[in-house]
Amino acid sequence: MSSGTRPKVLLFGAGGVGTVYLWLLSKAADTTAVCRSNFYVVKRDGFIINSSIFGQGLHFKPEVVRDCEEAASKAASVPYDYVVVCSKAIPGIVPNLIAPAVTPGKTAIVLVQNGVGIEQEYTDAFDSNPIISAVVYLPATQRPAGVIAHGEVEKLQLGSYPTSASQIPARAFTELIRAAGGTAEFHDDIQPRRWFKLLINASWNPICGLTLSKDTDILESCDEAGAVLLAVMMEIRDIANANGCAMTKEEVEYQLSRAQARIPLNAGIEPSMLQDVQAGRRIEVEAIVGNAVRMGKAKGVQCDRLEMLYVLAKALDLQIGRR
Ligand SMILES: NC(=O)c1ccc[n+]([C@@H]2O[C@H](COP(=O)([O-])OP(=O)(O)OC[C@H]3O[C@@H](n4cnc5c(N)ncnc54)[C@H](OP(=O)(O)O)[C@@H]3O)[C@@H](O)[C@H]2O)c1
């Protein structure tokens, strides 16, 4: 590792998820964060995390930089061991932005993001670097800048990309998260974990984002809603199965039942796509819906409902981008 025994980590994407991992990793690694809209606030005051798990009012002042060029110049001759990407998964942008901080053959790139098919552009851009793919369960939002609200779950599931690549970097990062006090599981094949989470994300995200509704509000809207949600999730399941990630109907029904169980508690969830639409931010439509539709059609899977959601959400995203 780079400095003594402490690895050197650069965070790209200091939002809800990224800042909680920055705080954790700072216990076991030398950390730096690339900040954008929150740069001045965080540089002056640091972050405050109010976490249902780790405690309220956690204050820390990390090393912050404006971009990866500045991060690279601060790193001087000691390369980063990890660049952890926690920005929203919008394709075609981030590999160029992180490139100055990525040392060929050395820096591992850790993708802590939702979606499927998000890794290939990193493999294409950094063919001599390990790519670590991570599924994250961590409800968190940043509001206002520098203040993070974190709910009651914190779990990372990690694996190598592609699955056939060396497991050593992903196992080492799993151990680093554990040493920092986080919850991390290594998976020989991370892709089934991505698809399992996608059952929720590719169904609820566009439906709630397009209707400005919480998930429970959709289920209560009309008699047909539950069956339509199940049908969308079954299409996602069929695409996953066709791409070598087997899921049962029971697993699909379990994912749907989680929202159904919250109806009597009046505890609807606003998925991130809904929050992004309301805030006028671009949505992760390609990573969460578009890639799945294309992977399904390439295998001849019938996915008309999901394709319709993709077209509508894509049009919405383009309108948001034009504003
Ligand atoms: N939040 C959750 O509850 C949750 C749960 C599970 C999974 N996820 C997934 O985790 C990933 C991260 O989500 P999140 O909610 O943490 O996102 P977020 O709060 O929107 O944070 C993303 C951060 O990335 C920064 N960023 C984007 N482009 C940048 C650039 N060019 N330079 C510097 N910084 C840049 C943003 O800065 P600005 O503020 O300047 O835009 C923002 O601070 C997503 O894939 C999401 O789907 C989220």
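Stretch residue 312-residue 41 to full length: gain in nm at 0.36 nm per residue minus the Cα-Cα span?
93.9 nm
Please report the accessible area of residue 222 (heavy atoms, 1.4 Å probe, ligands and nucleic acids excluded) in Å², nearest 10.
My reading of the accessible area for residue 222 is about 60 Å².
Label points 7 Å out from Cα along the Cβ direction at residue 56 and residue 281: separation in nm?
Inter-label distance under the simple model: 2.5 nm.
Compute the angle between helix 168-179 and the longest alpha-carbon principal axis of the chain, please, reported from 0 to 90 degrees and rounded to the nearest 10.
90
Antiparallel versus total DSSP beta bridges in the chain: what percent is that, nearest 5?
The answer is about 35 percent antiparallel.
Provide 212, 306, 316 ordered by accessible surface of protein heavy atoms (probe 1.4 Å), highest first.
Accessible-area ranking of 212, 306, 316, largest first: 212, 316, 306.
Just to confirm the number: angle between the C-alpha axis of helix 249-262 and the first principal axis of the chain, 0 to 90 degrees, nearest 10?
90
Highest first, please rank the peptides 282-289, 54-61, 165-172, 248-255 by the mean number of other Cβ atoms sitting within 10 Å of their residues.
Highest-to-lowest ranking by the protection proxy: 282-289, 165-172, 248-255, 54-61.
Reachable lysines from residue 27, Cα under 30 Å, same-chain residues fewer than 8 places away excluded?
In chain and number order, the partners are 8, 43, 61, 74, 88, 106, 155, 197.
Once the cut-off is 38 Å, how many percent of the Cα-Cα pairs in the chain end up in the long-distance tail?
Value for the chain (Cα pairs over 38 Å): 13 percent.
Let me know the charge dipole size of the chain about its Cα centre in debye, to the nearest 20, where only the beta-carbon of Lys, Arg (+1) and Asp, Glu (-1) is charged.
820
Work out the charge dipole of the chain with +1 on the Cβ of Lys and Arg and -1 on the Cβ of Asp and Glu about the Cα centre, then indicate which of 295, 23, 84 is farthest towards its positive end.
Sorting the options by dipole projection puts first 23.
Per residue, how large is the accessible surface of the range 8-189? Use a 1.4 angstrom probe and give square angstrom.
41
How far apart, in nm, are two points set 7 Å out from the Cα along the Cα-to-Cβ line at residue 165 and at residue 73?
The two pseudo-label positions are separated by 3.0 nm.
Using a 1.4 Å probe on the protein heavy atoms, what percent of the accessible area of the range 8-189 belongs to carbon and sulfur?
Whole-percent figure for carbon plus sulfur exposure: 53.
Could you give the distance between the Cα centres of the range 37-112 and the range 235-294, to the whole Å?
Value for the Cα centre distance between the two parts: 27 Å.
Along the charge dipole of the range 192-322, Cβ charges K/R +1 and D/E -1, which of 316, 211, 269 sits furthest on the positive end?
Positive-end residue among those listed: 316.
Under a cut-off of 17 Å between alpha-carbon atoms, report the aspartates and glutamates in cross-link reach of residue 214, not counting same-chain residues fewer than 8 places apart.
Straight-line reach from residue 214, under 17 Å: 223, 224, 270, 276.
The values are calculated or read from the model by the stated rules, or taken from the named source; none is laboratory data. The shown structure was predicted, so the numbers you read here are calculated from the model rather than taken from an experiment. Because the Cβ atoms are built from the backbone with ideal geometry, glycine has one as well, and the counts that use them run over all protein chains shown. SASA here: full protein model, heavy atoms, side chains in, ligands and nucleic acids out. Shrake-Rupley method; radii C 1.70, N 1.55, O 1.52, S 1.80 Å.
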